[in-house]
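The values are calculated or read from the model by the stated rules, or taken from the named source; none is laboratory data. Being a predicted model, the structure only gives us computed values, none of them experimental. A quick note on method: Cβ atoms are made from the backbone with ideal geometry, for glycine too, and the neighbour counts reach across all protein chains shown. Just the protein is used for accessible areas: all its heavy atoms, side chains included, with ligands, DNA and RNA removed. Shrake-Rupley method; radii C 1.70, N 1.55, O 1.52, S 1.80 Å.
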Amino acid sequence: MDICIVGAGYVGLSTAVGFAEHGHRSVCVDINQKRIEDINSGVCPIFEPGVEEALRRSISKELLKATLDLKGALETSEVVFITVPTPCDDSGKMDTKFIDKASKDIAKYISSYKVVVVKSTVIPGTTESVVMKNLEAAGKKHGVDFGLCMNPEFLREGHALEDFLKPDRIVIGSADIRAGDVLEKLYEGFNAPMLRTDIKTAEMIKYASNSFLATKITFANEIGNICKLLGIDVYKVMGGVGMDKRINPHFLRAGCGFGGSCFPKDVSALLNKGREAGHEPRLLDTVLKVNADQRKLMVRHLRSKMDLKGKRIAVLGLAFNPDTDDVRESAAIDTVQGLIEHGADVSVYDPKAMDNFRKLFPGITYAKSAKDALKGADACIIATDWDEFKKLESKDFDSMKNKVILEGRKTLDKSKVKSFEGVCW
Ligand code: UDX
Ligand code: UDX
């Protein structure tokens, strides 16, 4: 099938190459000229394992190209996915400006029946109140000129292509059966349960899923904070808890709090939607508050051990997740911010995310390697559980002036590194 993807970011591009792996032809439309050029020359503008190789394969098979020209892309496509950002505004509410613009642009250029699919994470009610409204306002008739679906993504950054190709489930919310059937046909060959439902339910499944996962992580962090005071290893506790099939072992890794472009904004957006609708989501509010504190815990911990003024502190890991270059809402941001505020001299290293982090903190030292960052340091904080850091051994820390090592993510191998401490273990 011929598809158009509007917004070639972590989600849009992973979706495009994923469909191309299934033999579909994808045209990515974006507003960023450089990104278009990168994609067409087989250079992946994001770091996502497997995406660059899949992109090159797709281009060589003429199954993927990128363009600024939405009109032209729509003419050759049966299905158009919207994967533009849905950021939170200052009040924590979801901002629909990009969804609004993308749907207005699509409405302008539709000339024959197209299935419009919202894949961006949107608050329940948005697909109909923004996208359907813009299409009909442009004189397009639902069921004649367009079909409308909502197909949420469940892609973890660092695993986006893997999660796209092997989903636990494919959720298809549709306003009309025909559109849902077209989308179901597009996903033929994906060996995963298909859930057909209405649009609002599909929108809410995404928010409820992310909010639950964020809550699950926060629960592990809360138990970790208690266990640390009682001298209990929360990782052993959660290992036992996760053996209950009703709970399962996933997303129970205690640490310095969740980050990323999704959990924080999605929980905040759902919280505000609930409030607006007349319910006070106290649990979601507490999850965000506990998480905000958890993200500041590493600096607070270090301050209980030393006066940070003038001390050289190494931060290993800047990305919010391993295997991504994305630093959005990364715990490293709170950590570096806190260290600077208390007068520390900060040196950082990350295998992939330094260019993105440098845009936020240009004035700190960017080391060429973990070892380089550790030289002469009074303490070290590990903020991302990169595989590279799991291989670190005691001798790698010998160049530190003071061997104080604090983990924000369980990373180091106890058999290789002796003295270190976890933020909540
Ligand atoms: C985004 C949303 O943040 C997420 O909630 C949704 O589930 C999927 O889309 P992501 O792919 O991480 O996730 O966004 P990002 O990596 O920022 O990429 C967005 C892309 O859209 C960028 O390439 C940007 O240039 C492009 N864009 C943005 C447009 O093409 N048009 C716009 O109007 C705005
Ligand atoms: C998340 C959801 O997992 C995905 O389904 C949705 O589509 C988008 O949002 P993402 O935010 O990209 O994906 O990555 P994820 O692997 O979920 O990690 C999010 C944050 O939670 C990271 O900061 C990670 O360090 C943290 N985390 C994750 C924990 O602290 N403990 C865990 O056990 C798992």
For this session: Name, by its number, the condition in (1) surrounded by 16 or more Cβ atoms within 10 Å (Cβ to Cβ); (2) more than 26 Å from S261 (Cβ to Cβ); (3) of a type in the set (V, I, T) that does not hold for T76.
Result: (1)
Exercise. Can you spot a residue in segment 125-142 that is among the aliphatic types (A, V, I, L, M), within 14 Å of ligand 1 (Cβ to nearest atom) and under 20 Å from the mean Cα position of the chain (by Cα)?
Worked result: no
Exercise. Within segment 13-49, can you find the residues that are within 16 Å of ligand 2 (Cβ to nearest atom) and modelled with pLDDT of 95 or more?
Worked result: L13, S14, T15, G18
Seminar exercise, completed: Inside segment 313-325, the number of residues satisfying the requirement of being open to solvent by less than 20 Å² (accessible area, probe 1.4 Å) and either near ligand 2 (Cβ under 8 Å from one of its atoms) or in a helix (DSSP H, G or I) (or both) is 1
Exercise. Does D266 satisfy the criteria of being open to solvent by 20 Å² or more (accessible area, probe 1.4 Å) and not assigned by TED's automatic domain parsing to the domain that holds T121?
Worked result: no
Problem set entry | The lone exception for D334 - which of (1) touching a Lys or Arg at 6+ places or on another chain (Cβ under 6 Å); (2) surrounded by fewer than 22 Cβ atoms within 10 Å (Cβ to Cβ) it fails | (2)
For this session: Quickly run through segment 353-376 and pick out the residues that are among the hydrophobic types (A, V, I, L, M, F, W, C) and open to solvent by 40 Å² or more (accessible area, probe 1.4 Å).
Result: L360
For this session: State whether the residues of segment 57-71 include one that is open to solvent by less than 30 Å² (accessible area, probe 1.4 Å), among the aliphatic types (A, V, I, L, M) and within 20 Å of E162 (Cβ to Cβ).
Result: yes
For this session: List the number of the failed condition for P249; all other conditions in (1) open to solvent by less than 80 Å² (accessible area, probe 1.4 Å); (2) without any contact (Cβ under 8 Å) to a residue 60 or more places away in the chain hold.
Result: (1)
